[in-house]
1. Before we move on, is Pro153 without any contact (Cβ under 8 Å) to a residue 24 or more places away in the chain and more than 23 Å from Arg81 (Cα to Cα)?
2. Quick one: what pairs do we get from the stretch 79-91, first residue under 14 Å from Pro11 (Cα atoms), second in a helix (DSSP H, G or I), C-beta under 6 Å, 6+ apart or different chains?
3. Within the set of pairs 6 or more residues apart or between chains, which connect a residue that is farther than 19 Å from His156 by Cα and at pLDDT 90 or above inside the stretch 220-233 to a residue that is of a type in the set (Asp, Glu) and buried (at least 20 other Cβ atoms within 10 Å of the Cβ) with Cβ atoms less than 8 Å apart?
4. Condition first: within 20 Å of Trp83 (Cβ to Cβ), assigned to a strand (DSSP E or B) and of a type in the set (Phe, Trp, Tyr). Now tell me which residues in the stretch 175-223 satisfy that.
5. Could you list all residues from the stretch 166-193 that are among the hydroxyl-bearing types (Ser, Thr, Tyr) and either more than 29 Å from Gly96 (Cα to Cα) or without any contact (Cβ under 8 Å) to a residue 12 or more places away in the chain (or both)?
6. Can we say Gly46 is without any contact (Cβ under 8 Å) to a residue 60 or more places away in the chain and at positive phi?
7. What's the total number of residues in the stretch 11-40 that are in contact (Cβ under 8 Å) with a residue 60 or more places away in the chain and in a helix (DSSP H, G or I)?
8. Say whether the condition of being surrounded by 18 or more Cβ atoms within 10 Å (Cβ to Cβ), within 21 Å of Arg218 (Cβ to Cβ), out of contact with any Pro (no Cβ under 9 Å at 6 or more places or on another chain) and free of Cβ contacts under 8 Å to residues at least 60 places away in the same chain is met by at least one residue in the stretch 127-143.
Amino acid sequence: MTKSNTLVVIPARLASMRLPDKPLAMIGSDPMIVHVWQRAMEANMGPVIVACGDEAIADAVEKAGGTAILTDPDLPSGSDRVWAATLQFDPDGKYGCIVNVQGDLPTFEPRLVQAAVSALHDGQADIGALVAEITDPAETDDPNVVKVAIHFPEGHVVAPALYFSRNRIPSGDGPAFHHIGIYAYARDALKRFVSLPPASLEIRERLEQLRALANGMRIAAGLVDTIPFGVDTPADLERARRILAP
C-alpha cells in the first residue's frame, strides 16, 4: 500500500450525546474538525477528505481549504459515512487503501496514519489498526478505553487482533493494550464490511470492529508508543485546548 494508493477519510457529524456539535467546537482559532484535517494532511499519505453528515461541518472544512463530501445524515456509522464519501470522491476505484481517521482526535500524531497502513500491509490483513500498551492502571477498567487481546511475538510490532472489549482483557498478569481509533481498510474489505449486518458481539460490546472479526475478516494491529485521546466530554475538550494552545 503506497501513498499514491491511499485515501484518508475523516467522518464527522454534529449529533453527539455527550458533547453536542463536537466537530465544530473551537480549539484556538479553528474548529476541532479542522485540527484533525490538518494533522491528516501532515501525514502526507494521499488525499484527505472529510465525510460530513451536516452542511455546517462541510462549510468549516471548505473555509479552511479542505475537501468536504456531504453524506446522508442518517447513515448508521462512521464507517458507512467513510464508504459513502469514498464512492463519491473516487467512483472509479483509484484508491485501494482507505484510512478512517476519527474526527474527534485533534491531537493525534500524523505518523499514525502511516502506521495503520503499514499494519494493513505487513499483516496481510483486511483491516489495519493500532494499539499502544496501557501504562495507566486506571485505563484497564475504564469502559471508555477499548482494549485489545493481542499477542506480539518476540521482535514483532504487527500481530492479529484477537478480540476487542470495553472490559479488561485478557485476564492474568501481562501487558494490556489500548485500541486507537485509526483504521486502514483494503477497499474491498471496507465495501464488504459496510454491507454486513451488525453482529451480536458488536451489539453487546458496542464495538464495530467485532462485526469484522465475527465474519472472518482479519484485523492486524500495529504497536505504537503514543495514545491520542478522543474528545468526548467538555473536560476532554478543555484538555485539547490546553495541549494545542499557542
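The values are calculated or read from the model by the stated rules, or taken from the named source; none is laboratory data. The structure displayed is predicted, hence computed values, not measured ones. Note: ideal-geometry Cβ built from the backbone for every residue, glycine included; neighbour counts use all protein chains shown.
1. In short, yes.
2. That search, which allows pairs on different chains as well, returns Ser79/Val194; Asp80/Val194; Trp83/Leu190; Trp83/Val194.
3. What qualifies is Val231/Asp104.
4. Tyr183, Tyr185
5. Ser171
6. Working: without any contact (Cβ under 8 Å) to a residue 60 or more places away in the chain: yes; at positive phi: yes.
So Gly46 fits the description; yes.
7. Counting residues in the stretch 11-40 that are in contact (Cβ under 8 Å) with a residue 60 or more places away in the chain and in a helix (DSSP H, G or I) gives 8.
8. no
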